[in-house]
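Bear in mind that the values in this text are calculations on the coordinates, not laboratory data. All values reported here derive from a predicted model rather than from experimental measurement. Cβ atoms come from the backbone with ideal geometry, glycine included; neighbour counts cover every protein chain shown.
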Amino acid sequence: MTGPESTEEKAAAYNRGLDAGRIEQRLQGHDEHLRKINGSIDAMTRALQSLTDELRSDAALFSADVTSDRRDNVERDRIAAARVEEAGIAESQRTVRWTAWQRWFAVVGAIILVVNFGLGLYVAFSR
């Protein structure tokens, strides 16, 4: 039954099985490694997509802020111009201009003052 050939065949078959098992084990290890790599790539893809979405939203917010700042600057300029104008109006209202009769009264008073001063000098030096 068992001859030298069958023992040699069995040993060869056994060795082939060992080799196939080793190869299968190596392939299984490679398959697991590839699954881990694919999982890592998927996780990186999701993280990159999340960062891209966040960057897009930040860029949109920044763009909106820039536009709003431009609008705010224009509004600030308008408000500042209105306040300057209001301040000018208030200043001109505070500065009371003399009416015509007040000016005439001041001129007549100044003339009387000069004449009195002149008369005073004349009286003082004529003695």
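What value, in deg cm²/dmol to 500, does the helix sum -39500 (n - 2.57) over DSSP H runs of n ≥ 4 give at 222 nm once divided by the residues of the chain? Spell out each step's value before the answer.
Numbers: 2 runs with 118 residues, N = 127.
The helix contribution divided over the chain gives -35000 deg cm²/dmol.
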Discussion item. Using only the Cα atoms of region 16-65, what semi-axes does the equivalent ellipsoid have when each is the square root of 5 times a gyration tensor eigenvalue? Give whole Å, largest first.
Written reply: 47, 4, 4
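Stokes-Einstein at 20 °C, 1.002 mPa s, Kirkwood radius from Cα pairs: D for the chain in µm² s⁻¹?
Values: Rh = 26.9 Å.
Rounded, D is 80 µm²/s.
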Worksheet item: How about region 4-51: which trypsin sites (Lys or Arg not before Pro) there are in a DSSP loop, with at most 12 other Cβ atoms within 10 Å of their Cβ?
Response: none
Worksheet item: Hey, with R₀ at 41 Å, roughly what FRET efficiency would residue 61 and residue 87 work out to, going by the Cβ-Cβ distance, to 0.05?
Response: 0.65
